[in-house]
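A short reminder: the numbers here are calculations on the coordinates, not readings from a lab. Not measured: the values here are computed from a predicted model. Every residue, glycine as well, gets a Cβ built from its backbone with ideal geometry; the counts of neighbours run over all protein chains shown.
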Amino acid sequence: MNHETDYPVIDSDASTPPLRLAGKRCLVTGGSRNLGRAICLAFAAAGARVAFTYVKDDEQVEVTRAMLRELGAEPLVFKGSVTDAAHARSTVNAVVAEWEGLDILVNNAGVMQVLPIALLEEDDWDLVLDTCLKGAYIFSRAALRPMLRAKKGHILNIGSIAGERIVESPVHYAAAKAGLQGFTRALAKEVGRYGIAVNDLSAGLLEAGMGQQAPQYRLDDYTTHCPLGRTATLEETAAFVAWLVSDENSFMSGARLTFDGGL
């Protein structure tokens, strides 16, 4: 029996497959350093147009801008707090004016303080809740206007295992990330009818960024109990983010994706 037709013919001269995010218009909050920078770089490498926000570190912004330019991207950069509704509106309006739309929003901006509740002042609570949770609401609300008009889009919220598991985390940070999960599920149900997906990436400790603020004994405890025995790299986390918001991930919404090495 001739089985030749049972197998696909591979054309060695075929052109390279299109990039995962080719032409996508992306906005990342808190994109100047650490995971935010890694996400911007992964998006640019995947063919996307990249815009990002930051709040204060001008020097790191120039480093990120230079790295993106090396990948052939010319980023749009906006300075301001994610808790400022006027900043969110003006940022999204500028992106839409430049690129005629917005396909992807990543709510990455966050802040963490390692404080016991006895030393936790109301201002500390407000800072973390406003940045990690209210900021996601403010930017999602602004980004949804062009997405609803286009009847498509993807919002990804960068969460944490602190919002769902009994790990030693500051209570205000854990509360903010738990709230982000509820926000994700409710928003996904509300906007799904318009072709817009909303998901939450529940990340474990990373090799840089907020993971660096944890005391050494917490890092040791984490790597001891993590089956893979390490924290995640920024690059592998950002690569996963790029897939999550791509068209390859076409039927996932309202999901909490755990990325913690099997903890």
Loop trypsin sites (Lys or Arg not before Pro), segment 76-170, which have at most 12 other Cβ atoms in a 10 Å radius of their Cβ (DSSP): Lys151
Other-chain or far-sequence residues with amide H under 5 Å of Gly153's (modelled H): Ala197
Size of electric dipole in the chain: Cβ of Lys, Arg +1 and of Asp, Glu -1, about Cα centre, debye, nearest 20: 920
Longest segment of the chain lacking GluC sites (Glu not before Pro) that sit in a DSSP loop with at most 13 other Cβ atoms within 10 Å: 1-99
Gained length - Asp247 relative to Glu235, 0.36 nm times residue gap less alpha-carbon distance: 2.3 nm
Backbone HN-Hα couplings from phi across segment 23-37 [Karplus 6.51/-1.76/1.60, Hz, Gly and Pro as x]: x, 5, 9, 10, 10, 10, 7, x, x, 7, 7, 6, 4, x, 5
Length gained when the stretch Glu59-Asp221 is fully extended (0.36 nm per residue, less Cα-Cα span): 54.9 nm
Phi to ³J(HN,Hα) by Karplus 6.51 cos²θ - 1.76 cosθ + 1.60 over segment 248-263, Hz, x for Gly, Pro: 5, 9, 9, 9, 10, 7, x, 9, 10, 9, 8, 9, 9, x, x, 4
Cα long-axis angle, helix 216-225 against the chain (0 to 90 degrees, to the nearest 10): 50
Between helix 234-244 and the chain: long-axis angle, C-alpha atoms, 0 to 90°, nearest 10: 60
Residue order, fewest to most surrounding Cβ atoms within 10 angstrom, among Leu27, Leu127, Leu206: Leu127, Leu206, Leu27
Between 0 and 90°, nearest 10: helix 58-70 axis offset from the chain longest Cα axis: 10
Cα-based shape type of segment 104-263, given that a ≥ b ≥ c are square roots of the gyration tensor eigenvalues and the cut on a/c is 1.5: oblate
